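Can you read through this structure? Questions will come right after.
Only the coordinates and a few stated rules stand behind these numbers; no lab work does. Note that the coordinates shown come from a computational prediction; the quantities given were computed from them, not determined experimentally. FYI the Cβ positions are ideal-geometry reconstructions off the backbone, even for glycines, and counts take in every protein chain you see.
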Amino acid sequence: MLKIGILTLSDRASKGEYEDISGPAIESALREFIANDVQFVYRLCVDEIPHITENLCELCDTHGCCLVVTTGGTGPAPRDVTPEAMEQVCHKMLPGFGELMRNVSLRSVPTAILSRQSAGVRGKSLIVNLPGKPAAIRECLTAIFPAIPYCVDLIGGDYIVANDNVIRAFRPAQKAAQKLQPPQDAPAPCALSHLDSKQNPHMVDVGDKDTTERVARACGKISVNREAFASVQNATNKKGPVLQTAIIAAIMGAKKTSELIPLCHPLAPSAIACEIEELPEESAFVLHVSVRIASKTGVEMEALTGVSIGLLTMYDMLKALDKRMVIGEIRLLHKSGGKSGQFDA
């Protein structure tokens, strides 16, 4: 798991005079930017060089954080000594980070020229200074993050995977391709159950498994406007009985799962039960589907498919009254039987 250190530098926050909001702002932004599982290590200290250097060394050397982000203490005031502490702990300074952050901040405030933010390397850790205000933190992180993963690569730190849906990190094409190749002494990857020895898709052979009683229950929600909700409750919908039709569709969907989901085994459930819960306060309906079978493979996909088809049927019957309906929260609630045992959400 990736470890990232967050160090907030503030005399008042360290004394408990006000709540630290800068540290959580850093974590919030980085959780959006990074796709890895991340453990954040928090520290809070006064604006004094000995305390700052002690915390920076602990985060880098003891906890092994590949990235340490500080917030505060980079201005011209007498107690702003973060840059001085940085120079004492870093083996190399990277002034380009500060230059970019000041350039970005100058678009918002002319006082950005007063900031002495920088970055540096200690061992396999990259330390970056950020301002203290949450809005400025996000603005600066957004500007510099594309360079952070490759910088950590170059110093031998952990591999940071960017969330490409939010922000893209830069890596030379050759380096990115090398990361995709397993090292020479790496163990062989585990065989994928839906691929054969030639990496072609195939249906998993369950012939050697025991036949057991298997049950799966799933649910999902559709949120509608008040007019659509009332048409269902009052049975005034012009397309007919919505709830009854949705239940029939859910049963049909569960029975036809193998025709809709690639590589699912064709199954013949012994029982399929559906129930629709009305939520007037939310103007929503929750569809529950339970599937039972004596088989060599489970029926989770049948229950989930039944829920999906049932909710889509409700959408189809109500779309004339509400085109902003939202279908969501489709999830498995329970499964039992088979080698993996029982699961309850």
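Which one of GLY298, PHE229, ILE248 is farthest out on the positive end of the charge dipole of region 212-344, using unit charges on Cβ (Lys, Arg +1; Asp, Glu -1) and the Cα centre as origin?
Farthest towards the positive pole: GLY298.
In percent, how large is the relative contact order of region 212-344, given Cα pairs closer than 8 Å and 6 or more residues apart?
Relative contact order of region 212-344: 44 percent.
How far apart, in nm, are two points set 7 Å out from the Cα along the Cα-to-Cβ line at ALA271 and at TYR18?
6.2 nm
Can you give me the C-alpha center-to-center distance between region 252-295 and region 111-173, rounded to a whole angstrom?
46 Å
Run the quick spin-label model on ALA345 and THR62: label points 7 Å from Cα toward the beta carbon, then report their separation in nm to one decimal.
Spacing of the two 7 Å Cα→Cβ label points: 4.2 nm.
Name the residues whose placed amide hydrogens come within less than 5 Å of the amide hydrogen of LEU333, ignoring near sequence neighbours (fewer than 5 apart) on the same chain.
ARG217, ALA218, CYS219
Only Cα pairs within less than 10 Å get springs; with that Gaussian network setup on the chain, which residue of GLY98, GLY328, GLY132 has the largest fluctuation?
Result for the chain, Cα springs under 10 Å: GLY328 fluctuates most.
Taking the DSSP beta bridges in region 21-178 as the whole, what percent of them are antiparallel, to the nearest 5?
If I count the DSSP bridges inside region 21-178, around 60 percent turn out antiparallel.
Along the charge dipole of the chain, which of GLY98, ILE272, GLY156 sits closest to the positive end, that is, farthest toward it, with unit charges on the beta carbon of Lys, Arg, Asp and Glu (+1, +1, -1, -1)?
Final value for the positive-end residue is ILE272.
Could I ask something else about it? Counting Lys +1, Arg +1, Asp -1, Glu -1, what net charge surrounds PRO134 among other residues with beta carbon under 13 Å of its beta carbon?
-2
With the contact rule set at Cα under 8 Å and sequence spacing of 6 or more, what percent relative contact order holds for the chain?
This gives 14 percent for the chain.
Per DSSP H run of at least 4 residues, take -39500 (n - 2.57); add these up for the chain, divide by its residues and hand me the 222 nm value, nearest 500 deg cm²/dmol.
Values: 12 runs with 115 residues, N = 345.
So the calculated ellipticity at 222 nm is -9500 deg cm²/dmol.
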